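Step one of this worksheet: look at the structure below.
The values are calculated or read from the model by the stated rules, or taken from the named source; none is laboratory data. This structure is a prediction, so every number in the text was calculated from the model and none was measured. Glycine gets a Cβ as well: all are built from the backbone with ideal geometry, and neighbour counts include every protein chain shown. Areas reflect the complete protein model, heavy atoms only, side chains present, ligands, DNA and RNA absent. Shrake-Rupley method; radii C 1.70, N 1.55, O 1.52, S 1.80 Å.
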Amino acid sequence: MNLKARNIHRDLGYFYIGLIISFAISGILMNHREQFHAEKYNVETKNIEVNMPKKEAISEDFAKNIIKQFNLEDTYRKHKVKGETLRISYKNTDIEVDINTGKGELTTYNKTPLISQMMKLHKSTSNWWIYYGDIFGLSLITIAITGAIMIPAGKFSFKNRGWKLALAGIVFPLVVLFFIG
């Protein structure tokens, strides 16, 4: 049994090493997406002035077309009015404008090589990738279980030491969730 667990653990670990590292890196970067945009880097930032309609008249059509004022073509993603600020996101451009003054900033981005692709994998919702992700998740569970049982006895076994670390690994996030939630 121990040899079988060790072989399964090893082979799944080898097979998924690239995806494990990719998800770990992109997961860390996604944790900090409010501080910086890891998947894109700033090419140019310039001050702009926009003829703004009244706050109530800011529509999706307005947000989609505002970029044309600056002779740029880009794919609209979303817009949001927060307080007195309008934020518009396009594929490669962000615009932030003060609704009252029309003054703001236009920032153009390029994708960060490799990191943007890793983050795209992490956020993908295509049907086939979801199923592959499910298989990956089940494989991670298998890696965890086989890792716990492959050392059968001794002071470093799951029975003598591992269960304490596993319990701590389960309790810590629950405590954090309790205080955050």
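Using the alpha-carbon atoms, what tilt in degrees (0 to 90, nearest 10) does helix 2-31 show relative to the longest principal axis of the chain? Result, in degrees: 20.
The charge dipole of the range 45-181, taken about its Cα centre with unit charges on the Cβ atoms of Lys, Arg (+1), Asp and Glu (-1) only, comes to about 660 debye.
Counting only alpha carbon atoms, the long axis of helix 163-180 and the longest principal axis of the chain meet at about 20°.
Considering helices alone, the calculated mean residue ellipticity of the chain at 222 nm is -16000 deg cm²/dmol, with DSSP H runs of length four and up weighted by -39500 (n - 2.57) and normalised per residue. If the chain linking Asp134 and Asp98 were pulled fully straight, counting 0.36 nm for each residue of separation and taking away their Cα-Cα distance, it would gain 8.6 nm. Computed on the chain, with alpha-carbon pairs under 8 angstrom and 6+ residues apart, the relative contact order is 27 percent. For the range 19-114, the per residue solvent-accessible surface stands at 66 Å², with DNA, RNA and ligands left out and a 1.4 Å probe.
For Ala144 and Lys64, a Förster radius of 41 Å and the Cβ-Cβ distance give a FRET efficiency of 0.35, rounded to the nearest 0.05.
Bridging of Lys78 to aspartates and glutamates at a Cα separation below 16 Å is possible for Glu60, Asp61, Asp94, Glu96, once same-chain residues fewer than 8 apart are set aside. From the cross-link list Lys54/Lys103; Lys64/Lys120; Lys4/Lys164; Lys55/Lys91; Lys46/Lys123, which pairs have alpha carbons spaced over 21 Å apart? Distance filter (> 21 Å) returns Lys64/Lys120; Lys4/Lys164; Lys55/Lys91; Lys46/Lys123. Here the label points at Lys120 and Lys91, each 7 Å from Cα along the C-beta direction, are separated by 1.0 nm in the simple model. Taking the C-alpha atoms only, the angle from helix 127-149 to the longest principal axis of the chain is near 40 degrees.
Between the beta carbons of Asp11 and Asn47, assuming R0 = 45 Å, the FRET efficiency works out to 0.20 to the nearest 0.05.
Computed in the context of the full set of protein chains, the accessible area of the range 1-73 at 1.4 Å probe radius has 53% of its extent on carbon or sulfur.
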